[in-house]
Amino acid sequence: MRFLIIVPAVWGFTQPPATLGRLATPYVSRGEHVLLKSKQDAQRSVGGKRENAVPFLDTEKWLADVEGTSEPSELDTAYWLEAVDAGDRLKADADAETTLLLTLSAGASTTFATAWQFALPLALLESGGPQAAATLMAATTGAKVLFAPSVGRLADKAPRVDAARAARAAQACGVGLSCLALPHLADETSWLPLLLAGSAIEALGAVVTKGAPRKDWAPTLLEGDALRKATVSLSNAALLGELAGPALGAFVLGASGAPTVGAAAVAGELAAQAALERLRARAPSALSAPKGETTKAAPAWAAFFGQPSGAAITTAPAWAAFFGQPSGAAITTVVFALLWFTALTPHAPVLLAALADRGAPAESLAAFRAAGALAGAGGVALYAAAADGRTDARRAQTTTTSEARRLATRDVAALSILGQVVAVTVAATFVDAPQTLMVAVVVSRVFLYAFDVAYVELQQQLVAEADRNAVQGCEAALTGAAELGLAGVALTYATDFEVVADVSATAVVAAGLTFAAFLARRPELVSRPTSSSR
């Protein structure tokens, strides 16, 4: 059988050009067609078992049918179309499985990490008091501000799967240290530094595990429509994890205590890693090999302000790599961080306290928080529909689908942040009207989550592959700094919420203006630099 397949191909390649020209067809020559089919048959055989292969028409029958004729038959066309269709089906199935595994990993990691980060302060509040709980929050956020960029850079230097393993091992270690110290705090405060260190280690590990699926693994394994669908799916998983995590943490804490929550968090991370290990087995070259080294053409801020390019950069510390992204990704990250500098969110304690002080009943506050969660899901769905529609409109103005998607992402991101600016401004204006304030804040969440998905797509498009975790670490540092700054404003003006609302609205407006300036200076939104192996 193999001899029958090879002979026509050898004959075809050994004939003079005139003979081949006479036999040329609009599709493929017989020898090439047989070789193509043989290769496809081999690729579609799983573990050497032909019964698992995509069914094709019988090759021997095809050879008999076309023997002695140089014209393409209907059977030729059928073979060719079937091969293309089967290849598309196989790729779609593989992309769907990749998306599912990434979504399961991201959902488990976000849910259980959030559950632990929610339960630990509550447990510490009982044993150490309010001051200890406040110290915990300051220490954890401060650790991210100081060390998250360096952790991201270390993750970039290792193969992806090794970085994920190390980050989850650090999370498990941090949870263990905190659980070890927690029972002793009621009698001896000297255990508090150990608990703070454990919490900081766990938070730094989560910087890698929570951000990598959306911003590193997905753009490495997927492309085109598959990547866009995966990004929306991962955003929904992250949103669900942020909502379910606190509920899970509170339930397990009340039923069994903090150590059980810690054990559940470690088990959840193990499950998340198991999904990634299955992906590694399917794509070892992409996930087990070291990342490439990126050569950058110009610093982002120089390009933003229109200054001439500087010297090329091949390696740099995290912050230098962050600000050195030639695509201007650093500017979009600064915009994203400014959106964290706001108390006008349904889960902000200072806003809930202000609403209660202005006469809002407890039932309204509960409905307000639930509406905020639903608004987030609505924002993700809104972005998916708007981006797809805008891509179709932009395709007529561009030469490639990827370029059309970049422009569509830019358009929807601009509209999303504009909607948030308007909604937050309305909320800050009607601080003394609780119902109007709550409606405006809920509407702002729709636009916030739509922008969040757009921001992730922009990061996928713009950030160099070798710098993804470093940029993620810098993002965590900037958002942590925004949280600390907002906490300082809230403490300083604890009795004057109008000032807190005005500062919050100003930060969101500044984010909108910065993003508008970025688009005006860089309307083309160039794609990320390519990487070369180290």
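The values are calculated or read from the model by the stated rules, or taken from the named source; none is laboratory data. Fair warning: this is a prediction, and the values are worked out from it, not measured in the lab. Here Cβ is always computed from backbone atoms with ideal geometry, including for glycine, and neighbour counts include all displayed protein chains. Only protein heavy atoms, including side chains, enter the accessible area calculation; ligands, DNA and RNA are left aside. Shrake-Rupley method; radii C 1.70, N 1.55, O 1.52, S 1.80 Å.
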Largest-first ellipsoid semi-axes for region 183-248, taking √(5λ) over the Cα gyration tensor eigenvalues, angstrom: 37, 14, 5
Apply the a/c threshold of 1.5 to the C-alpha gyration tensor of region 95-161 and tell me whether it is rounded, prolate or oblate. oblate
Under a plain spin-label model, where a point goes 7 Å from the Cα along Cα-to-Cβ, how far apart in nm are Arg521 and Ala166? 3.4
If you take the square roots of the eigenvalues of the alpha-carbon gyration tensor of region 133-187 and sort them as a ≥ b ≥ c, do you get rounded (a/c under 1.5), prolate (a/b over b/c) or oblate? oblate
If N is the number of residues in region 388-534, what value comes out of its Cα radius of gyration divided by 2.2 N^0.38 Å? 1.24
Arranged from highest to lowest average of other beta-carbon atoms within 10 Å per residue, in what order do the peptides 224-236, 364-376 appear? 224-236, 364-376
Multiply the residue separation of Ala510 and His184 by 0.36 nm, subtract the distance between their alpha-carbon atoms, and state the gained length in nm to one decimal. 112.8 nm
Taking θ = phi - 60°, what integer Hz values does the Karplus form 6.51 cos²θ - 1.76 cosθ + 1.60 yield along region 213-228, in sequence order, with x for Gly and Pro? x, 7, 9, 10, 5, 4, x, 7, 9, 10, 7, x, 4, 4, 5, 5
Taking protein heavy atoms only, a 1.4 Å probe, and rounding to whole percent, the accessible area of region 386-460 owed to carbon and sulfur comes out at 63
Give me the accessible area of Val442, 1.4 Å probe, in Å² rounded to the nearest 10. 30
Suppose R0 equals 30 Å; then what is the FRET efficiency for Ala263 and Ser150 from their Cβ-Cβ distance, rounded to the nearest 0.05? 0.55
Using a 1.4 Å probe on heavy atoms of the protein chains only, the accessible area for Val443 in Å², nearest 10, reads 60
So, R0 is 30 Å and r is the distance between the beta-carbons of Lys229 and Leu418; what FRET efficiency does that work out to, to 0.05? 0.70
Accessible area per residue of region 311-396 at 1.4 Å probe, in Å²? 41
Compute the Kirkwood hydrodynamic radius of region 77-206, taking the inverse of the mean of 1/r over all pairs of distinct Cα atoms, and give it in Å to one decimal. 17.2
What full-extension length gain, to one decimal in nm, is calculated for Arg369 and Arg278 as 0.36 nm per residue of separation minus the Cα-Cα distance? 29.1 nm
Using only alpha carbon pairs under 8 Å that are at least six residues apart, calculate the relative contact order of region 161-280 and give it in whole percent. 31
Extending each Cα 7 Å along its Cβ direction at Leu491 and Ala92, get the distance between those two points in nm, one decimal. 5.6
Using only protein heavy atoms and a 1.4 Å probe, report how much of Cys173 is accessible, in Å² to the nearest 10. 70
Using a 1.4 angstrom probe on the protein heavy atoms only, could you order Asp187, Asp496 from most to least accessible area? Asp187, Asp496
Sum of side-chain charges, Ala408 neighbourhood, beta-carbon under 13 Å (Lys, Arg +1; Asp, Glu -1): +1
Residues other than Thr429 with Cβ under 11 Å of its Cβ, Lys/Arg counted +1 and Asp/Glu -1, net out at -3
May I ask you to work out the translational diffusion coefficient for region 129-277 at 25 °C, viscosity 0.890 mPa s, via Stokes-Einstein with Rh from the Kirkwood sum over Cα pairs, reported in whole µm²/s? 148
Would you list Glu475, Glu242 from the most to the least accessible area, probe 1.4 Å? Glu242, Glu475
Sorted by chain and number, the residues with a modelled amide H under 5 Å from that of Ala343, at a separation of 5 or more or across chains, are Ser504
Whole-number D in µm² s⁻¹ for region 366-456, Kirkwood Cα-pair radius fed into Stokes-Einstein, 4 °C, 1.567 mPa s: 94
Most to least accessible of Glu277, Glu126, Glu363 (protein chains only, probe 1.4 Å): Glu126, Glu363, Glu277
